[in-house]
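Right, one structure below, let's go through it.
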Amino acid sequence: MMKILPLAALSTAVALLAGCATAPPAGPRLDTTLSARSQSDRIKYIIIHYTVSDLPRSIKILTQQEVSAHYLLTDTEQPFFYTLVDESRQANHAGLSSWKIYNQLNSASIGIEIVNPGFVETPQGRVYAPFPQAQIDQLILLLKQIVARHDIKPENILGHNDIAPQRKQDPGPMFPWKQLADAGLVAWPEASRVAARLPGYQEQLPDVAWFQRKLAQHGYAVSQTGELDQATRNVMVVFQSKYRQSLYDGVPDAESAAILDVLTSPLPVMQMAIPPTVMPPPQPAPGTVPTE
């Protein structure tokens with residue numbers, strides 16, 4: 001005997017069947033077999049900072065406040081890194097910043113904070129704290145890994161003061177940039193080329209406009225005023241404290257000009273000469289007598 005469903009139950013069953021038939025898919029249908037040729041890694045720069053704080057305060061600032069960094073290098077006896085932000089995500093470490101064609105470098109960089117007190121003001125002037133060698137050894141190891149992961153160019157490993165010279169001093173004139181250069185991580189002016197250019201600039205120093213053009217060509221944000229204003233001096237201090245750490249007074253001089261000239265005049269790429277093809281001498285046809 002066939003059982004007749006009540007009308008209400010029948011309507012419910014029909015609605016459920018209709019719903020199953022028209023339910024949207026769980027997610028979009030994706031085909032990952034293709035890949036665009038025109039693409040690049042989001043990470044273009046590595047920015048190095050000091051914290052101007054001890055370790056506990058540095059941790060608190062970088063984890064509980066608005067500023068952050070991808071890595072924090074401790075100042076413990078055996079330094080190590082706290083990984084605070086995944087490299088795939090943006091950290092807020094650069095602030096208002098500029099280098100070459102890029103502005104607001106947070107979105108295109110990895111930030112590394114080093115626990116270091118920065119500087120103190122003394123009657124003899126500002127005194128910066130050194131970086132223990134153990135810290136630098138760890139930093140170089142991490143930089144090599146990041147460079148390999150993201151194919152960072154040597155000219156794109158920078159200090160916070162490079163990208164914000166009007167408001168930042170870190171990592172300061174005690175940071176050993178030359179060690180990073182010796183490790184193949186950053187671009188560095190070749191000493192012999194600097195020495196070759198120095199006499200010419202000692203004989204005749206370029207004007208301020210020349211320095212401003214060259215600083216901008218190197219990557220700094222500097223106004224092209226032709227005047228040695230405070231903003232230009234600030235950029236010169238940052239430049240000198242990186243490449244000529246014995247004197248960083250912001251005064252354009254012959255040595256600074258020679259260094260800047262070398263940095264902005266890369267050596268031409270030498271093309272390997274292709275040797276001419278040597279053709280073997282013609283051979284006489286079979287049965288003929290060769291003649292001179």
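Taking the Kirkwood radius as the inverse of the mean 1/r across Cα pairs, report the Rg/Rh of the range 60-133. Rounded to two decimals, Rg over Rh is 1.04.
For residue 204 and residue 122, the difference between the fully extended length at 0.36 nm per residue and the C-alpha to C-alpha distance is 25.9 nm.
How high is the relative contact order of the range 102-212? Use alpha-carbon pairs under 8 Å, at least six apart in sequence, and give a whole percent. Could the numbers behind the result be given before it?
Working: 57 pairs, mean separation 22.4, N = 111.
The normalised contact order for the range 102-212 reaches 20 percent.
Between residue 134 and residue 87, the modelled labels are 2.6 nm apart [label points 7 Å from Cα along Cα→Cβ].
Using a Förster distance of 22 Å, how high is the FRET efficiency between residue 66 and residue 42, based on the Cβ-Cβ distance and rounded to 0.05?
That pair, residue 66 with residue 42, gives E of 0.55.
If R0 is taken as 22 Å, the Cβ-Cβ distance between residue 249 and residue 196 corresponds to a FRET efficiency of 0.35.
Quick check for you: which residues of the range 138-166 have the amide N under 17 Å from the point 7 Å beyond the Cα of residue 55 toward its beta carbon? Backbone N within reach: 138-139. The residue 77 and residue 149 beta-carbon pair, evaluated with R₀ = 25 Å, returns a calculated FRET efficiency of approximately 0.30. Among the lysines, which fall within straight-line cross-link reach of residue 144, defined as a Cα-Cα distance under 25 Å, with same-chain neighbours fewer than 8 residues apart omitted? Of all the lysines, those that pass the test against residue 144 - Cα under 25 Å, at least 8 places apart if same chain - are 44, 100, 153, 178, 242. Mean silhouette area of the range 121-263, derived from the convex hull of its C-alpha atoms and averaged over all directions, reads 9.4 nm². Quick one: grab the alpha carbon gyration tensor of the range 180-232, order the square roots of its eigenvalues as a ≥ b ≥ c, and give me rounded if a/c is under 1.5, else prolate or oblate depending on whether a/b is larger than b/c. Oblate is the answer for the range 180-232, as a/c is 1.5 or above yet b/c matches or exceeds a/b. Using all pairs of distinct alpha-carbon atoms, the Kirkwood hydrodynamic radius of the range 149-210 works out to 14.2 angstrom.
Bear in mind that the values in this text are calculations on the coordinates, not laboratory data. Bear in mind that the values here come from a model prediction, so they are computed numbers and not experimental data. Neighbour counts are summed over all protein chains in view; Cβ atoms, including those assigned to glycine, are modelled from backbone coordinates with ideal geometry.
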